[in-house]
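Asker: Just passing along the structure, written as C-alpha cells.
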Amino acid sequence: MINKRIEPYLLKVQKPGRYVGGEINSVYKNKDEIDVRFAFCFPDTYEIGMSHLGMKILYSQFNSFPYIWCERVFAPWLDMEKIMIEKDIPLWGLESGDPITDFDFIGFTLQYELSFTNILQMLKLAKIPLRSCDRKGLTQIVVAGGPCACNPEPIADFFDMFFIGEGEEVDLEVIELFRKCRDEGKTREEFLQLCSQIEGVYVPSLYDVEYFDDGTVKSVTPKNNAPKIIHKRIIRDMDNVFYPERFVVPMIEIVHDRVVQEIFRGCIRGCRFCQAGFLNRPVREKSPDTIDKQCHTLCKYTGYDEISLSSLSSSDYTKIRELLEQLTKWSVDENVSLSLPSMRVDGFDEEILSKLKTVRKSGLTFAPEAGTQRMRNVINKNVTEEELIQTCTIAFKGGWTAVKLYFMIGLPTETYDDVLGIGTLAQQVVDCYYKNENRQKGKQVKVTISTSSFIPKPFTPFQWEPQDSIEETHNKQMALKKHITSRKIVYNYHEAHVSYLEGVFARGDRKLCKVIEEAVNRGIHFDGWDSCFNLEKWLEVIRDCGLDPDFYVRRRRGFDEVLPWDHIDYGVTKKFLIQECEQAYKNTTTPNCREKCSACGAAKYGRGVCFEKRKSMV
Amino acid sequence: MKNVRVWYRKDGACRFISHLDINRTITRALQMSEIPLWHTEGFNSRLYVSFALPLSLGFRGTYESVDIRLIEENYPYDEIISRFNSYSPEGLTAYEVTEPVMKPAAICYAEFEIIITSEEHTNDEIFDYANTLLNSEKILVEKTTKKGTVKQVNLKENIVRYTLKCTQNGVELSIVLPAGSVKNVNPSLLTDVIEKNCGFEIFTDITRKELYTENWQLFR
C-alpha cells in the first residue's frame with residue numbers, strides 16, 4: 001500500500017520506485033491478525049538495502065510466522081527526506097504504508113560504520129526518541145545486528161539491545177519473550193533485563209563504562225545480573241537453518257539484482273586484516289544438495305536468471321566441482337548463469353571456469369591484497385606471485401581480456417617498496433597476457449587495480465595497530481600512481497578522508513555517541529556517499545564534543561589495554577589474536593584451518609571445519 | 001511459433017517505475033509464468049519481448065501492449081492472461097491477448113487524460129491559467145534532444161485536439177498529441193508550462209488512454 005500522504009509527492013522525487021513497495025513476493029498481512037510489528041530498517045537507500053542477503057533471510061523468516069509482520073524500511077534520499085520534513089510525514093514501512101513510530105520492534109542492520117548517522121536520521125524521521133533511556137513502555141524496542149554489532153559502543157546509547165553473531169535464532173527468542181512479557185504486563189526495564197539473559201543479546205544500558213584520565217577504558221561493569229561476557233550466537237546446522245524460498249523482486253534496478261545463494265559461513269584463511277574471517281568462525285558449509293535445491297526454488301519464484309554463489313572465499317568450498325556439476329544440469333537449459341564472487345587466486349582452474357561461462361561471461365576479480373610477498377606474509381594472505389600469474393594465464397587462455405585486482409595500502413609494517421610492488425605485480429599480469437599465444441588477436445588487455453585504505457578492525461590481530469594518516473595514505477597513493485606507466489593498467493583508489501572517519505568509529509567507544517548525535521543534529525548523514533561526505537564538518541563536531549579523532553585512529557594500543565569491545569566474545573580468544581599479531585611482525589604465516597588447527601578458540605562451538613578430518617590426520 | 005500481443009494496464013505502484021524497469025519486471029514475470037516462450041538466439045540469449053510504445057515514469061496506462069512469441073501455437077490466451085497476472089506485481093494487469101494487427105511503427109497519436117490539482121489554489125484558478133495558455137497563439141517550450149542540444153518547440157501546433165474541464169477532482173485536460181517513433185510529444189512538456197504559468201506548484205495525474213494510427217484507426 002502506497003503511503004497515502006506521500007503519494008502526491010512521489011513524482012517530485014528521483015526514483016519514486018524506491019518508496020512504493022508492491023513488489024512481487026513482498027508480504028502483506030491483515031493488521032488485525034498481527035501480534036508483533038517489526039520494522040526492518042536498512043540505513044541506506046533502497047537499491048543498496050535490497051541487495052543485502054541478511055535482510056532477505058530475516059524478512060522471510062519473520063513473515064513465516066502468522067503473528068509477526070515484518071516490513072522493510074530504507075533511508076529516504078535527500079529529496080524525499082526534505083518533503084517528509086516539510087509536510088510532517090513520518091517514516092513509513094513499505095508494505096503497510098503505516099508510520100513505523102508505534103511498531104513493536106525497530107531493527108537495524110549494521111553493515112558499515114558510515115551508516116551510523118543514517119540510523120539516527122531514520123529514527124528522527126520516524127519520530128522515535130533517539131536515546132534508549134527516553135523510550136518508555138513495551139513498544140519501540142530498537143535493536144540491531146550485523147557485523148558492526150561487534151563493536152556497538154559508538155552507538156550504544158541509542159539501542160535497547162544488540163544481537164551478537166548470527167541472527168536467525170536469537171531474534172525469534174527475543175520476539176517470543178516480548179510477547180510473553182507483554183501478556184504478563186512486565187515493564188520495559190524488566191523485559192530488557194530478561195533479554196540480557198538470552199545468549200547473544202547485549203543490552204548496553206546494563207553495563208557501566210569507566211575511563212582512565214587518558215581516555216582509555218578502565219572497566220566495563222555489568223549490573224542487574226547481566227552477563228560479564230556476551231557470547232555470540234552461531235547456527236550449527238547450515239542444512240536446516242531457515243533460507244527463503246522467495247526474494248522480494250525489486251521493480252527498480254538494485255545493486256545486486258540476482259539470486260544470492262549462501263554456500264558457507266566463515267573462512268578457513270585467517271587473513272589478519274579481515275574482520276569477517278574472525279567474526280564468523282568456524283567455517284560451516286551447506287551441502288551441494290541443499291544449495292542446488294534452494295537455488296532452483298529461488299529462480300522459480302523470482303524469475304531471476306542469474307545466481308551468485310556467496311561466501312567469504314568461494315573456491316574454498318570443499319565440494320565446489322560437485323556443486324557446479326549439479327547446478328549446470330538445469331541452469332544451462334533454463335538460461336540461468338552462475339557467478340562465483342570471492343574467488344581466490346589459488347583456487348581457480350579451467351574446469352571451474354568452463355562451468356561459470358556456460359551461459360554468460362562475467363568479470364574476473366582477484367584480491368592479492370598486497371604487492372610483495374613479504375607484505376602478503378604479514379597479512380597472512382597465503383597467495384604467491386606464481387599463483388596469480390598462473391591463474392591469469394588460465395583466464396586469458398579462456399578468452400578473458402580484463403581482470404580486476406584488489407589491494408590494500410596502509411597495512412602494518414608497510415614500506416614504499418610494498419606499495420610500489422602493487423604496480424609491479426599489475427605490470428607482470430599485463431606481460432603475462434602478451435606471452436599467451438592464444439590470446440584474442442586485436443584485443444587489448446585491461447588490468448584494473450583498486451586500492452582501499454587499511455582500517456584496523458576489532459577482533460582481528462591488527463586491532464591494536466595505528467592507522468595511516470590521511471596525508472600518508474595520500475602520499476602512498478600518489479607514489480603508486482606515478483609508478484604505473486602502462487596505459488593498460490587502470491588505477492582506482494578510495495578517498496583517504498572517508499577511511500579516516502571510518503577508522504574513528506570502527507574502534508570507537510561510548511564517548512562517540514554524543515558525537516554522532518551532534519553530527520546528525522547538524523544535518524550530517526549519508527556519509528557513505530561521496531556527494532554528502534564532509535570530513536571538515538565532522539572534525540568540527542568531534543572537536544566541539546571535546547574529543548580527539550587521532551586518539552581512535554592513530555594510536556597504537558597496548559596488548560594489556562581494555563578495549564571497548566572486550567566484553568563481547570566471538571569465539572576467537574584474545575590470546576590467539578595477540579599471537580597472530582606477533583607472527584605478523586615476524587613475516588610469518590599461519591596455516592589455514594584445513595591444513596592445521598591453530599587453536600583460535602572457535603572449536604568450542606562443536607561444529608564445522610574444526611571437526612572435519614584434515615589431510616594431515618588421515 | 002506465433003507472435004501475440006498482450007494488452008495490459010499500468011497503475012498502482014508500477015506507475016512509479018520507468019519503462020526500462022517495466023521491461024525488466026514483465027520479463028521476470030513471464031520467466032516465472034512458465035508460459036512456453038521463445039528466447040532470442042544471440043550470444044546472450046534472453047526472453048523475447050517487444051513493447052509497442054514506452055510509457056514515461058509516473059504515467060498510468062490503460063492501453064499498453066507487449067508482444068511475445070509463443071512456442072506452442074495453440075497455447076490458450078486466457079491462460080496467458082491468468083499467468084501474467086499471477087506473476088506480475090499488483091498494478092500491472094493483463095486484460096486481453098490478440099494477434100498483432102498492426103506494427104508498432106503505425107502508431108501516430110496518443111490520447112491522454114490529465115488531472116491537475118494544487119494544494120493551496122482552487123481548481124478555478126488552475127483552469128484559468130491553463131485555459132489562457134491553451135488559447136494563446138504559441139506555446140513555446142524548450143526540449144532537449146537526444147544529442148543534448150536544446151531546441152525551441154511550439155507545442156501549440158502539436159496539439160491535435162483537446163478539451164479542458166473544471167471538475168471537483170481538479171482540472172481535467174483530455175488531449176491528443178503526436179506519439180510514436182517518428183514524432184513524439186510528451187504531455188509533461190505541456191504540464192510543465194502550465195505550472196510555470198500558474199506560478200505555484202501543481203500536481204498532475206496523467207493517464208495514456210488510447211493509441212491511434214495516422215488515419216485515426218485505433219492501434220490494434
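Asker: Quick one: which residues, 5+ away or cross-chain, put their amide H under 5 Å from the amide H of A:Glu262? H built at 1.01 Å from N.
Answerer: It is A:Ser310, by chain and number.
Asker: Any idea which of A:Gln140, A:Gly21, A:Gly421 is furthest toward the positive side of the dipole for chain A, if Lys and Arg beta-carbons carry +1 and Asp and Glu beta-carbons -1?
Answerer: A:Gly421
Asker: Along the principal axes of its C-alpha atoms, what lengths does the protein assembly as shown span, in descending order and rounded to whole Å?
Answerer: Cα extents, longest axis first: 84, 71, 52 Å.
Asker: Let me ask you something else. A:Lys476: which lysines have alpha carbons under 16 Å from its alpha carbon, excluding same-chain residues fewer than 8 sequence positions away?
Answerer: none
Asker: Where Lys and Arg each count +1 and Asp and Glu each count -1, what net charge lies around B:Pro36 among other residues with Cβ under 14 Å from its Cβ?
Answerer: Net charge around B:Pro36: -3.
Asker: Which order do A:Met238, A:Met478 take when ranked by solvent-accessible area (1.4 Å probe, heavy atoms of all protein chains), largest first?
Answerer: Reading off the accessible areas and sorting them downward yields A:Met478, A:Met238.
Asker: Quick query: amide H of A:Glu95 versus all other amide H atoms, modeled in the peptide plane; which residues come in under 5 Å with a sequence gap of 5 or more or a different chain?
Answerer: A:Arg72
Asker: Sticking with this one: Within the set A:Lys31/A:Lys87; A:Lys441/A:Lys481; A:Lys404/A:Lys481, which residue pairs have Cα atoms separated by over 20 Å?
Answerer: A:Lys31/A:Lys87; A:Lys441/A:Lys481
Asker: Given the pairs A:Lys293/A:Lys397; A:Lys4/A:Lys127; A:Lys124/B:Lys196; A:Lys435/A:Lys586, which are separated by over 25 angstrom at their Cα positions?
Answerer: Result: A:Lys293/A:Lys397; A:Lys124/B:Lys196; A:Lys435/A:Lys586 exceed 25 Å.
Asker: So, one more: Most fluctuating residue of B:Lys103, B:Lys151, B:Lys165 in a GNM of chain B with Cα springs under 10 Å: which is it?
Answerer: Evaluated over chain B, the most mobile residue of the options is B:Lys151.
Asker: While we're here: Mind listing P(r) for the range A:373-415? All alpha-carbon pairs, 10 Å bins, whole percents.
Answerer: So the P(r) values, bin by bin, are 23, 44, 25, 7.
Asker: Additional query: Per residue of the range A:64-73, what does 6.51 cos²θ - 1.76 cosθ + 1.60 with θ = phi - 60° give for ³J(HN,Hα)? Whole Hz please, x for Gly and Pro, Karplus curve as stated.
Answerer: 6, 9, x, 9, 10, 10, 9, 10, 9, 9
Asker: What number comes out for the charge environment of A:Val174, summing +1 per Lys or Arg and -1 per Asp or Glu over other residues with Cβ under 13 Å away?
Answerer: -4
Asker: When you look at the Cβ of every residue in B:11-23, what mean number of other chain Cβ atoms sits within 10 Å?
Answerer: For this peptide, the per-residue mean of nearby foreign Cβ atoms is 5.
Asker: Going out from 0 in 5 Å bins, what whole percent of all Cα-Cα distances in the range B:2-100 drops into each bin?
Answerer: Distribution as computed: 3, 14, 26, 28, 18, 9, 3, 0 percent.
Asker: When Cβ neighbours within 10 Å are restricted to other protein chains, what is their mean count per residue of peptide A:15-25?
Answerer: Taking all residues of A:15-25 together, the mean is 6.
Asker: With θ set to phi - 60° and the Karplus curve 6.51 cos²θ - 1.76 cosθ + 1.60, what are the ³J(HN,Hα) couplings of the range A:36-42 in order, to the nearest whole Hz, using x for Gly and Pro?
Answerer: Running phi through 6.51 cos²θ - 1.76 cosθ + 1.60 with θ = phi - 60° gives 10, 10, 10, 9, 8, 9, 10 Hz.
Asker: Also, I was wondering about something else. For the range A:460-547, calculate the relative contact order in percent as a whole number, restricting contacts to Cα pairs under 8 Å that are 6 or more residues apart.
Answerer: Answer for the range A:460-547 is 25 percent.
Asker: Under a cut-off of 14 Å between alpha-carbon atoms, report the aspartates and glutamates in cross-link reach of A:Lys574, not counting same-chain residues fewer than 8 places apart.
Answerer: A:Asp560, A:Glu561, A:Asp566, A:Glu582
Asker: Next question. Under a cut-off of 20 Å between alpha-carbon atoms, report the aspartates and glutamates in cross-link reach of A:Lys186, not counting same-chain residues fewer than 8 places apart.
Answerer: A:Asp35, A:Asp102, A:Asp104, A:Asp134, A:Asp160, A:Asp171, A:Glu173, A:Glu176
Asker: May I ask for the equivalent-ellipsoid semi-axes of the range A:238-292, computed as the square root of five times each C-alpha gyration tensor eigenvalue and listed largest first in whole Å?
Answerer: After scaling each eigenvalue by five and taking roots: 25, 18, 8 Å.
Asker: Still on this structure, I have one more. May I ask you to evaluate 6.51 cos²θ - 1.76 cosθ + 1.60, the Karplus curve with θ = phi - 60°, for each residue of the range B:75-88 and list the ³J(HN,Hα) values in order in whole Hz, giving x for glycine and proline?
Answerer: In residue order, the calculated couplings are 4, x, 5, 5, 5, 4, 4, 5, 5, 4, 6, 7, 10, 9 Hz.
Asker: Which of rounded, prolate or oblate describes the range B:140-220 when judged by the alpha-carbon gyration tensor and an a/c cut-off of 1.5?
Answerer: Oblate, because a/c is 1.5 or more while a/b does not exceed b/c.
Asker: Rounded to the nearest whole Å³, what is the per residue volume of the convex hull around the Cα atoms of the range A:7-231?
Answerer: 133 Å³
Asker: Right, something else. Counting only other residues whose beta carbon sits under 10 Å from that of A:Ser453, what net charge do I get with K and R as +1, D and E as -1?
Answerer: Charge balance in the 10 Å sphere: -3.
Asker: What translational diffusion coefficient, to the nearest whole µm²/s, does chain B have by Stokes-Einstein, given a Kirkwood radius computed over alpha-carbon pairs, a temperature of 20 °C and 1.002 mPa s viscosity?
Answerer: 113 µm²/s
Asker: Helix-only mean residue ellipticity at 222 nm, the protein assembly as shown, DSSP H runs n ≥ 4 weighted -39,500 (n - 2.57), per residue, nearest 500. What is it?
Answerer: Calculated at 222 nm, the ellipticity per residue is -9000 deg cm²/dmol.
Asker: Right, another one. Once a ≥ b ≥ c are taken as the square roots of the eigenvalues of the Cα gyration tensor of the range A:1-134, is the result rounded (a/c under 1.5), prolate (a/b larger than b/c) or oblate (a/b not larger than b/c)?
Answerer: rounded
Asker: Let me ask something additional. What would the Debye formula give as log10 I(q)/I(0) at q = 0.13, 0.20, 0.27 Å⁻¹ for the alpha-carbon point model of the range A:168-239, no solvent?
Answerer: Log-scaled intensity ratios, in q order: -0.49, -0.88, -1.20.
The values are calculated or read from the model by the stated rules, or taken from the named source; none is laboratory data. What you see is a predicted model, and the numbers here were worked out from it, not measured in a lab. FYI the Cβ positions are ideal-geometry reconstructions off the backbone, even for glycines, and counts take in every protein chain you see. Just the protein is used for accessible areas: all its heavy atoms, side chains included, with ligands, DNA and RNA removed. Shrake-Rupley method; radii C 1.70, N 1.55, O 1.52, S 1.80 Å.
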